[in-house]
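Shown next, in structure tokens, is the structure this report addresses.
Readers should treat all values here as calculations from the given coordinates under stated rules, not as data from a laboratory. Note that the structure is a prediction, hence the values are computed from the model and not measured. Virtual Cβ from ideal backbone geometry, glycine too; neighbours counted across all protein chains shown.
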Amino acid sequence: MDLVNQVYNGDFLLAGENYTDFPDGWRRTGGDTSTSWTWTGSPQGPRAVVISHPCGTRAAGIEQGFDVPVQAGDSQRWELQVQLQTSPPGVPCYAKIYLGARGVKVFPLSPGEKPQVFTKVFATEAGIGGLRLEIAILGEGDLIIHQVAAFRLYPLRALKLDEKGQIYVRHVESIGQIQKPVPVRMVSPVPIPVEVEATITGDIRALTPSRDGVRIYGSSGGALNGTPDGSLQVQLAEHRFRQSLQSLSAQAGPQVSAAQDISPFSVFSFAVTNDGQSSAKVQLEVSPDGGVWSADGAEHEIAPGTLAILTPTYFVRFNRVRFSAPTTTPLRVWFQAQT
């Protein structure tokens, strides 16, 4: 049986309904102001997406839209196949698989200067209703994406899933359905009625707390634990802390720090210290996609030897700090966050 690519527009031949400069079902992700995405080739094919990423300060790539995920189910085997090339050869890249609430799988890749096909086999877990793919470049250079494909290896036939992503099984409502005549087609095309009768008896004793109980299972398959007095044992999740520090040099022209993806964090802020001899101006900027930026709040002036704390007014996925100074002035920019 021939395997069928389950990725919509994985060969990039179709244009979007409301835009014609990018393949339908795909969108840009990451990058910075110097990053560019180009859709090359002819409408008849072959076509490719070229990502020029000269700075390499953060990953830049393409990802499937939320409206065209790959339909997947529980405990399936899949093969991811991508055809890539980079210039210069060996620039680090990755393929990322979003499994909804079940997490993310990441496969590091290192393409050469000629088109190269990479394949990865992976399995889905319980509770999967679909998955999305992302292909991106991590370093400085150009990434050319020729094709993205995902093949279901097992089961080969797509199964019907219910609203919870489980395999749909039609159940018998009552014994009366079993007792109805069942047409059986043999050599003769004339239906032959068959009656099936069964007697069901049950004896359920009275339940007592001393010898009976109820066990509750979570979505991952593990049983929940309780205490002798009937309370539920709960383990609180630990807070996680993340910090990054950049040593930068402010000059007369405006410059920006590395962008931070703040979506995973519940609390975060930027701190900027002026280690120079002249004052510097800083301002927080926000962006929904890492490409279009807007100022958030007022501009702050930092005197030599002082510290400024910057927090956003609005929640937007990406944040960074814009800074400048009349003369060359060293700055330190902290990003601290907690989940």
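Calculate the spin-label point distance for Val106 paired with Leu13, positioning each point 7 Å from the Cα along the beta-carbon direction, and give it in nanometres.
Each label point lies 7 Å from its Cα, and together they span 3.4 nm.
Distance in nm between label sites at Glu299 and Thr208, each 7 Å beyond Cα in the beta-carbon direction?
Output for this residue pair reads 8.2 nm.
If each residue of separation counts as 0.36 nm, what is the full-extension length gain between Thr311 and Ala126 once their alpha-carbon separation is subtracted?
62.7 nm
Set the Förster distance to 45 Å, then compute FRET efficiency between Ser247 and Thr20 from the Cβ-Cβ distance, nearest 0.05.
For Ser247 and Thr20, the calculated efficiency is 0.55.
For the stretch 26-154, report the translational diffusion coefficient in µm²/s to the nearest whole number, using Stokes-Einstein at 37 °C, 0.692 mPa s, and a Kirkwood Rh over Cα pairs.
218 µm²/s
Suppose the chain between Val196 and Arg77 were pulled fully straight at 0.36 nm per residue; how much longer would it get relative to their current alpha carbon spacing? Show your work: numbers first, answer last.
Values: separation 119, 0.36 × 119 = 42.84 nm, distance 3.92 nm.
Additional length available on full extension: 38.9 nm.
Taking R0 as 30 Å, what FRET efficiency do you get between Val117 and Thr339 from their Cβ-Cβ distance, rounded to the nearest 0.05?
Efficiency, from the Cβ-Cβ distance: 0.20.
At a Cα cut-off below 13 Å, give the aspartates and glutamates reachable from Lys281, other chains included and same-chain residues fewer than 8 away excluded.
Answer for Lys281, where 13 Å is the Cα cut-off: Glu299, Glu301, listed by chain and number.
Can you tell me how much longer the chain between His239 and Thr327 gets when fully stretched, taken as 0.36 nm per residue apart minus their C-alpha distance, in nm with one decimal?
Here the segment from His239 to Thr327 would lengthen by 27.6 nm.
Under 8 Å for C-alpha pairs, at least 6 residues apart: give me the relative contact order for the stretch 197-332, rounded to a whole percent. All intermediate terms of the calculation are to be shown ahead of the outcome.
Values: 230 pairs, mean separation 40.8, N = 136.
For the stretch 197-332, the relative contact order is 30 percent.
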